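Visitor: A single structure is presented below for examination.
The values are calculated or read from the model by the stated rules, or taken from the named source; none is laboratory data. Note that the structure is predicted; figures quoted are calculated from it, not measured. No Cβ is skipped: glycine too gets one built from the backbone with ideal geometry, and neighbour counts run over all protein chains shown. The area values use the complete protein model at the heavy-atom level, side chains included, leaving out ligands, DNA and RNA. Shrake-Rupley method; radii C 1.70, N 1.55, O 1.52, S 1.80 Å.
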Amino acid sequence: MMEADMENGRLYPERPRTFSTVRTKSSLPPIFRVLMRINPRAFIVLLLLVFSGVLYVGASTSPIVLFVFCICTLSLFFSLYLTKWVLAKDEGPPEMSEISDAIRDGAEGFFRTQYGTISKMACILALVILGIYLFRSTTPQQEASGVGRTTSAYITVASFLLGALCSGIAGFVGMWVSVRANVRVSSAARRSAREALQIAVRAGGFSAIVVVGMAVFGVAILYATFYVWLEVDSPGSMKVTDLPLLLVGYGFGASFVALFAQLGGGIYTKAADVGADLVGKVEQGIPEDDPRNPAVIADLVGDNVGDCAARGADLFESIAAEIINPSGFILFPLVVHSFDLVISSVGILSIRGTRDSGLISPIEDPMAIMQKGYSITILLAVVTFGVSTRWLLYTEQAPSAWLNFALCGLVGIITAYAFVWISKYYTDYKHEPVRLLALSSSTGHGTNIIAGVSLGLESTALPVLVISVAIISAFWLGHTSGLVDESGNPTGGLFGTAVATMGMLSTAAYVLTMDMFGPIADNAGGIVEMSQQPESVREITDILDAVGNTTKATTKGFAIGSAALASFLLFSAYMDEVAAFAQLPFKEVDIAIPEVFVGGLLGSMLIFLFSAWACSAVGRTAQEVVNEVRRQFIERPGIMDYNEKPDYGRCVAIVASASLREMIRPGALAIISPMAVGIIFRMLGHATGRPLLGAKVVAAMLMFATVSGILMALFLNTAGGAWDNAKKYIETGALGGKGSESHKAAVTGDTVGDPFKDTAGPSIHVLIKMLATITLVMAPIFL
């Protein structure tokens, strides 16, 4: 149906520009369609009842939870304000809105199909988890508190499904706003660069506020519900510090959906991009996003499903995994992220419009403007983090401990800023590395590839040093805080690292805003090109697009840094859980044991094999797109002189079906591998009288996969981003400009980097955290 409807579209000046609607059925998820049928007054009454119930549960738990609920509610109203503000902007001339409608329909159609597939897999996995937990043994702590197998099983499954649902909604929100904001940014670019920037930032801010708010709200609801239901901290019941292990299913559900969303969306967006670039730019010599390219609509759809939807789910699961930390202090990260919603809102509002026309006055540097907003957010984060530690972490046993933990948070905040700066340095064409990469294009395709690979390899050094300093500093600040256990041994080290992770993510909403800005600006540029706007308008969107590439790269650096710190915490939680189930000490992993060393090798292998399968999936799908685009140019020679229409729908259909098919294999590898390794070595341990062997091998696998994954993701993300911006730099007129031999070599590098930075790299972020959460959930089967 999409093919036939798109066939009727016309984008050329000599004929009426009509791009007929391709929507054949509602693209909203079923739950939204049901809610929209409810009478408005009844809906308001229902909302008030739900809100009253939430407030009652929160008040029954803690005033802190009530505070979190109130902040989340206010942030929801703020996001609605941003939505209303963005949607009030005009969509420009009819040709712009018609192209935008085609992009929206393609994105929402793919999203509906993709998440239908993911939801079926999630339900199957939920049944598997239920079966495991119904037949596993319980820990002495659970037996003492009266939480039996059945209760524990249903709590874990409910948490898993809620995490999966919320992660899916986070992805939907990211995609929903991007397909509506893109055309408004395009229209604003005809008037002012600053106005276009403001619209893109506020649209990204809406998605970021909703994603972070939902992550906090979801964990708070689970915490409060279980606290009241299980009568936590009452005599003879569960302690509050044991509650996080019941909520780990929430993080696993979020990771599960995020992994498949990132894989499917990444394969879609990069296969379409590679196919469009190889035939359009290299073979036919037409500009990027030219309406004559049959793959251009599929490319623009991919920006939304690959970058916006997938990144929303990615950051959602990062926050969920970090909140459910092994220290048992869930309330503290909830408060930190509540303040994050407030300070990030201030940062978003600090980017204001101007009446000066960007077409007449000099265009301001969009990166500098967003960097100012980030600096404001960072400064406010330092203040609110100090307030949070004094409020929640002060104890008379160690009166100065809160100050140590405030410094741990400062370490995390500085780490976040360092990661953003390092990523910007290696991927922004204002700095030397990208300019040298562009210069290498002047001597051919091969030297461009060599320079890009070496840049990516080099870019891993500084981030690793920063992570290393952060982990050790935060651990020792916590260790020397004065907190001790019953035996007088210092206990704050691990919690210090947890606090540093919270500090790093204390500006997550603003960082996600910068990330969402990228694909919205990219789409806006495509709409401007396809609707054949003046070159001056395209210049504005090109600048926004180049900055968007940098912000996406910085966000990926931020994401992998937070994944590294969070994985260190979850690794400790895994060891504690194994010790509780086995009732045996499990404090260290000895890689001198051959089986344990093999587990480490398998973990490193998993990262490389997963990356290979993700990249090859893009390659295979791109080959189908290339063949289809070549076929259309041969069979329809009039396309090049605007006398025949490209079949956009055919490319959309090819990429959609192939990406759904190709995402299964690497995703299944990530989920099945740790379970298979644990079960095999558990049986070997049982046969040789070593009851913890399976758990130790899985621990080594997790440890080595985390280390390898951090390095691999840094390499892939930075190399891909640098190749992309080297091409953008040449397109500004440097080294011969568009169409030159240097530009063709840069396009080749950009094509190689596409699956690196938008498919394999971001998927590894999710993979690292999902390995940590899946081992926590599946720990009973390793013993």
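Visitor: Could you please give the count of residues in segment 737-753 that are touching a residue at least 12 places away in the same chain (Cβ under 8 Å) and under 17 Å from TYR429 (Cα atoms)?
Guide: Looking only at that region, the number is 9.
Visitor: How many of the residues in segment 570-584 are without any contact (Cβ under 8 Å) to a residue 24 or more places away in the chain and in contact with a helix residue (DSSP H, G or I) (Cβ under 6 Å, 6 or more places away or on another chain)?
Guide: Number satisfying all stated conditions: 0.
Visitor: Quick one: which residue in ALA614, ALA592 is more than 19 Å from ALA705 (Cβ to Cβ) and small (Gly, Ala, Ser)?
Guide: Residue meeting the stated conditions: ALA592.
Visitor: What is the residue count in segment 75-108 for residues that are small (Gly, Ala, Ser), assigned to a helix (DSSP H, G or I) and closer than 22 Å to SER531 by Cβ?
Guide: 5
Visitor: On the given criteria, is ILE363 at pLDDT below 90 and in contact with a helix residue (DSSP H, G or I) (Cβ under 6 Å, 6 or more places away or on another chain)?
Guide: yes
Visitor: A further question follows. Among the residues of segment 379-432, which ones are of a type in the set (Phe, Trp, Tyr) and open to solvent by less than 30 Å² (accessible area, probe 1.4 Å)?
Guide: Hits for segment 379-432 are PHE385, PHE405, PHE419, TYR426.
Visitor: Are any residues in segment 657-694 hydroxyl-bearing (Ser, Thr, Tyr) and under 18 Å from ALA582 (Cβ atoms), and if so, which ones?
Guide: Residue satisfying the conditions is THR688 alone.
Visitor: Can you name every residue in segment 106-161 that is more than 17 Å from MET778 (Cα to Cα), β-branched (Val, Ile, Thr) and modelled with pLDDT under 75?
Guide: The one that is more than 17 Å from MET778 (Cα to Cα), β-branched (Val, Ile, Thr) and modelled with pLDDT under 75: VAL147.
Visitor: If you don't mind, there's one more thing I want to ask. Condition check: at pLDDT below 80, open to solvent by 10 Å² or more (accessible area, probe 1.4 Å) and assigned to a helix (DSSP H, G or I). Does PHE581 satisfy that?
Guide: yes
Visitor: Then there is this: Across segment 612-627, what is the total count of residues that are within 31 Å of the chain's Cα centre (by Cα), surrounded by fewer than 21 Cβ atoms within 10 Å (Cβ to Cβ) and under 14 Å from ALA295 (Cβ atoms)?
Guide: The number of residues fulfilling the criteria is 3.
Visitor: Mind checking which residues of segment 730-747 are assigned to a helix (DSSP H, G or I), of a type outside the set (Lys, Arg) and modelled with pLDDT under 90?
Guide: Once the filter is applied, which keeps residues that are assigned to a helix (DSSP H, G or I), of a type outside the set (Lys, Arg) and modelled with pLDDT under 90, segment 730-747 yields GLU731, ALA734, LEU735, GLY736, GLU741, HIS743, VAL747.
Visitor: Sticking with this structure for a sec: If the requirement is being over 17 Å from the mean Cα position of the chain (by Cα) and either on the phi < 0 side of the Ramachandran plot or surrounded by fewer than 23 Cβ atoms within 10 Å (Cβ to Cβ) (or both), which of these qualifies: ILE764, ILE730, ILE768, ILE710?
Guide: Just a single option satisfies the conditions, and that option is ILE730.
Visitor: Which one is nearest to ASN404 (Cα to Cα), of the residues in segment 485-502 that are open to solvent by 10 Å² or more (accessible area, probe 1.4 Å) and under 32 Å from the mean Cα position of the chain (by Cα)?
Guide: Only one residue fits best here, namely PHE495.
Visitor: Inside segment 183-193, can you point out the residues that are farther than 21 Å from VAL210 by Cα and either open to solvent by 10 Å² or more (accessible area, probe 1.4 Å) or part of a helix (DSSP H, G or I) (or both)?
Guide: VAL183, SER186, SER187, ALA188, ALA189, ARG190, ARG191, ALA193
Visitor: Would a scan of segment 679-694 turn up a residue that is polar (S, T, N, Q), outside any helix (DSSP H, G or I) and open to solvent by 10 Å² or more (accessible area, probe 1.4 Å)?
Guide: Within segment 679-694, none of the residues are polar (S, T, N, Q), outside any helix (DSSP H, G or I) and open to solvent by 10 Å² or more (accessible area, probe 1.4 Å).
Visitor: Select from segment 646-673 the residues that are open to solvent by 10 Å² or more (accessible area, probe 1.4 Å) and touching a Leu at 6+ places or on another chain (Cβ under 9 Å) and write down the one among them that is nearest to LEU609 (Cα to Cα).
Guide: For segment 646-673, the residue satisfying everything is LEU669.
Visitor: Give me the pairs: first residue in segment 491-520 and more than 29 Å from LEU544 (Cα to Cα) and free of Cβ contacts under 8 Å to residues at least 40 places away in the same chain, second residue of a type in the set (D, E, K, R) and open to solvent by 10 Å² or more (accessible area, probe 1.4 Å), beta-carbon distance under 6 Å, and six or more apart or on different chains, which are they?
Guide: Between residues of segment 491-520 that are more than 29 Å from LEU544 (Cα to Cα) and free of Cβ contacts under 8 Å to residues at least 40 places away in the same chain and residues that are of a type in the set (D, E, K, R) and open to solvent by 10 Å² or more (accessible area, probe 1.4 Å), the close pairs are THR491/ASP485.
Visitor: Of the conditions (1) within 27 Å of ARG104 (Cα to Cα); (2) open to solvent by 30 Å² or more (accessible area, probe 1.4 Å); (3) among the polar types (S, T, N, Q); (4) part of a helix (DSSP H, G or I), ASN643 fails just one. Which one is it?
Guide: Every condition holds for ASN643 apart from (4).
Visitor: Now a separate question. Which pairs turn up if I take residues in segment 165-182 that are aromatic (Phe, Trp, Tyr) and buried (at least 24 other Cβ atoms within 10 Å of the Cβ) and look for partners that are in a helix (DSSP H, G or I) and at pLDDT 85 or above with beta carbon separation below 7 Å, at least 6 apart in sequence or on another chain?
Guide: none
Visitor: Kindly establish whether LEU716 is open to solvent by 30 Å² or more (accessible area, probe 1.4 Å) and modelled with pLDDT of 90 or more.
Guide: no
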